C-alpha cells in the first residue's frame, strides 16, 4: 500500500509526514533518527499498512519538515517532542504504538511519559535508553557535553561528514550489497542545506539531556509496563546490544531480537522487522 504525503502545521513548524493504511486501523507512529527522515521507513511502511494506520513525520530540522531557523526555534530534544506532541494532537491520535529509532527514541519516550495512556506498545529499533547502550564511539560527543567549547563543537563535525555517515551509519556491520544508496544520498542532500550542520551540532550538544532523562524513562517503564519489542541491529557501532538487553531490567516481559546488521537495520531487514512487529502487536491484541 502506497503512502500519501501530507503536512500539518504545528505552531511555526510545517510537519511533513507519510501516512498509509486504513484510516480506522490501529495507529503506529514511526519516529526516525539522525541524520535521516521518514524516508528511512519506505520499505517498512508497506509491511505494516495492510492492517495498521502508519504515520511517519519528519522531525524539525530534518527531511521535508519546514521549521524556523536557529535563533527563531530552539533545536533541542524537548522542542522536538513538543512539536511531535502538537502533531499527534492535531491529527487526533488518542492511541498509538511507538516505533523509536536513534533520535526518535528520546523524542518518543518524552511523548510516552507525557501521555502514557496513549501508548499501546513500543518498538525500539536501535533506540537507546540506557547508558549500557552507548559505545566508546560517543567520546567526541561526550567531550563536547562536558566542555562545550568551539573546539569541541568542531570536533563533532566529523559526525556530519559524508564518509562518516556512509561508513559508520549505513555500511558498518551490514551487508553492503543490500544497502541501497538512496537512503544515505538523500540524507547527505538534506545535511548539505544551508544551516543544517549547525542545527545538527546544536542537537549533538543537547543530546546530553537525553542521558539526564534516562532515570525518568526507566521510571515510566516500571510504572506503566508498555508492551515492548526490540528489533536491534547487533553490529551497530554506536548503540550496542547491551542497550537492547538493558530494557529487560525495567520491562521484564520485553521481547529482544538481535539482527545480524548495523545501525540502519531497515536497510537490510525491513521484511524481518515488519514480520516481528506484526506478530508482536497481534500478541498484544493490537
Note the listed values (1) 65, 42, 41; (2) 52, 41, 38; (3) 64, 41, 38, then indicate which one is Cα extents along the principal axes in Å calculated from this particular structure.
(2)
Out of all DSSP beta bridges with both ends in the chain, state the antiparallel percent to the nearest 5.
40
Rank by packing, highest mean first: peptides 133-146, 54-67, 24-37, with packing defined as the count of other Cβ atoms within 10 Å averaged across residues.
54-67, 24-37, 133-146
The exposure ranking of 120, 261, fewest beta-carbon neighbours within 10 Å first, is 120, 261
Helix-only estimate, please: 222 nm mean residue ellipticity of the chain, summing -39500 (n - 2.57) across DSSP H runs of length 4 or more and dividing by its residues, to the nearest 500.
-11000 deg cm²/dmol
By average C-beta atoms within 10 angstrom, highest first, the peptides 2-12, 221-231, 121-131
121-131, 221-231, 2-12
Which order results if 158, 13 are arranged by neighbouring Cβ count within 10 Å, fewest first?
158, 13
Test of understanding: what is the full-extension gain from residue 271 to residue 89, defined as 0.36 nm times their sequence separation minus their Cα-Cα distance?
62.5 nm
Which order results if 113, 40 are arranged by neighbouring Cβ count within 10 Å, fewest first?
113, 40
Residue 188 to residue 222: extension gain in nm, 0.36 nm per residue of separation minus the Cα-Cα distance?
8.4 nm
So for R0 = 22 Å, FRET eff. of residue 131-residue 158 from the Cβ-Cβ r, to 0.05, ends up at 0.45
The extension gain from residue 78 to residue 212, computed as 0.36 nm times the residue separation minus the Cα-Cα distance, is 47.0 nm
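None of the figures in this text is laboratory data; all of them are computed from the coordinates on show. Being a predicted model, the structure only gives us computed values, none of them experimental. Positions of Cβ are generated from backbone atoms using ideal geometry, with glycine treated the same way; all protein chains shown enter the neighbour counts.
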